[in-house]
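Take a look at the structure below.
Derivation of every value follows stated rules applied to the coordinates shown; laboratory data play no part. Just so you know, these numbers come straight off a predicted model, no measurement behind them. FYI the Cβ positions are ideal-geometry reconstructions off the backbone, even for glycines, and counts take in every protein chain you see.
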């Protein structure tokens with residue numbers, strides 16, 4: 001397989017901890033260029049990862065790379081990705097893809113018009129246990145989906161970060177954009193994009209003018225329910241718990257390589273009761289970038305689909321309209 005020339009736009013924590021190491025380890029990637037508004041920082045990151053070409057203007061990638069990872073602050077995703085897409089560069093863009101559903105639709109329209117590919121980087125879809133849960137659901141092992149619960153939470157500042165844009169609603173920030181979008185995306189994907197109604201309760205404990213804690217309830221079209229919680233003030237149970245009319249499963253939303261499940265359809269469960277699967281451990285970012293690049297090279301559909309991303313952002317907008325008025 002011929003490796004694609006890759007650039008990274010934005011050399012913050014998510015790039016240096018996850019995207020760049022994943023690209024360096026991927027046979028389908030030839031990481032050639034790093035872009036950051038701080039030239040000294042870009043050069044330092046380039047030296048650390050042995051990437052010689054660094055610059056401050058993402059427009060310099062046009063003609064120099066085949067694809068790019070966009071990992072800039074949320075409110076800049078649309079501008080950066082759209083320019084690259086319209087000028088022949090495929091884009092893997094950090095979540096949330098955009099700050100509104102309309103913005104996302106315009107980004108996809110730019111890709112369709114230019115014949116380029118756009119994928120949102122929802123890394124949690126690529127954890128081994130989450131992929132296994134999706135497969136079990138798709139095979140009908142749990143019957144009709146009745147209840148799904150998930151949480152993501154930690155004290156703000158515990159995770160490495162280079163800038164403080166998450167404090168500003170105008171920047172497409174707040175805990176719903178940062179952590180909640182992971183949960184909303186998993187709910188949309190795992191339910192088969194069947195969310196029909198939403199309610200949200202949110203509070204601002206830090207006086208940031210944006211939400212620091214939120215609880216979301218989603219109703220599914222056939223009567224099932226989804227309960228999501230995210231927090232910047234305290235840790236939350238990070239378990240994905242799914243209950244259906246014919247079984248259940250539990251695993252971690254962080255992609256730990258194991259899950260437990262019980263299914264009335266499973267011969268193993270009927271003979272031995274609850275089953276525990278231990279899967280091969282693989283870094284979700286490595287799996288994600290490999291999937292993105294191989295799908296571009298081979299013309300395959302992405303796991304992360306356009307309609308699901310637009311649906312998730314629409315639900316996020318409704319959270320703010322129907323309760324997240326911190």
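In percent, how large is the relative contact order of the chain, given Cα pairs closer than 8 Å and 6 or more residues apart? Reported as a whole number, the value is 19 percent.
Please report the antiparallel percentage of the DSSP beta bridges confined to the chain, to the nearest 5.
Values: 33 of 61 bridges.
If I count the DSSP bridges inside the chain, around 55 percent turn out antiparallel.
With the simple model of a label 7 Å out from the Cα in the direction of the Cβ, residue 267 to residue 222 spans 2.5 nm.
Compared with the dominant Cα axis of the chain, that is its longest principal axis, helix 284-298 is turned about 70°. Rounded to the nearest 10 degrees, the inclination of helix 39-49 to the longest alpha-carbon principal axis of the chain is 70 degrees. Given R0 = 51 Å, the distance between the Cβ atoms of residue 135 and residue 5 translates into a calculated FRET efficiency of 0.95. In this structure, residue 44 and residue 282 have a Cβ-Cβ separation that, at R0 = 35 Å, corresponds to a calculated FRET efficiency of about 0.75.
Between residue 56 and residue 100, the FRET efficiency from the beta-carbon distance, with R0 = 41 Å, is close to 0.90.
Over the Cα atoms of the chain, the radius of gyration divided by the Kirkwood radius equals 0.97; this is the Rg/Rh ratio. Dividing the summed -39500 (n - 2.57) terms of all DSSP H runs of n ≥ 4 by the residue count of the chain sets its mean residue ellipticity at 222 nm at -9000 deg cm²/dmol.
Specify the residue with the greatest mean-square fluctuation among 105, 194, 48, computed from a Gaussian network of the chain linking alpha-carbon atoms under 10 Å apart. Answer for the Gaussian network model of the chain: 48. Calculated on C-alpha atoms, the gyration radius of the range 17-154 divided by its Kirkwood radius gives an Rg/Rh of 1.04. Against the chain, whose longest principal axis is taken from its Cα atoms, helix 101-114 shows a tilt of about 60°. Considering only beta bridges that DSSP places wholly inside the range 4-121, some 0 percent are antiparallel. One Cα centroid belongs to the range 105-133, the other to the range 3-65; the line between them spans 20 Å. Normalised by the number of residues in the range 4-121, the mean separation of alpha-carbon contacts (under 8 Å, six or more apart) gives a relative contact order of 23 percent.
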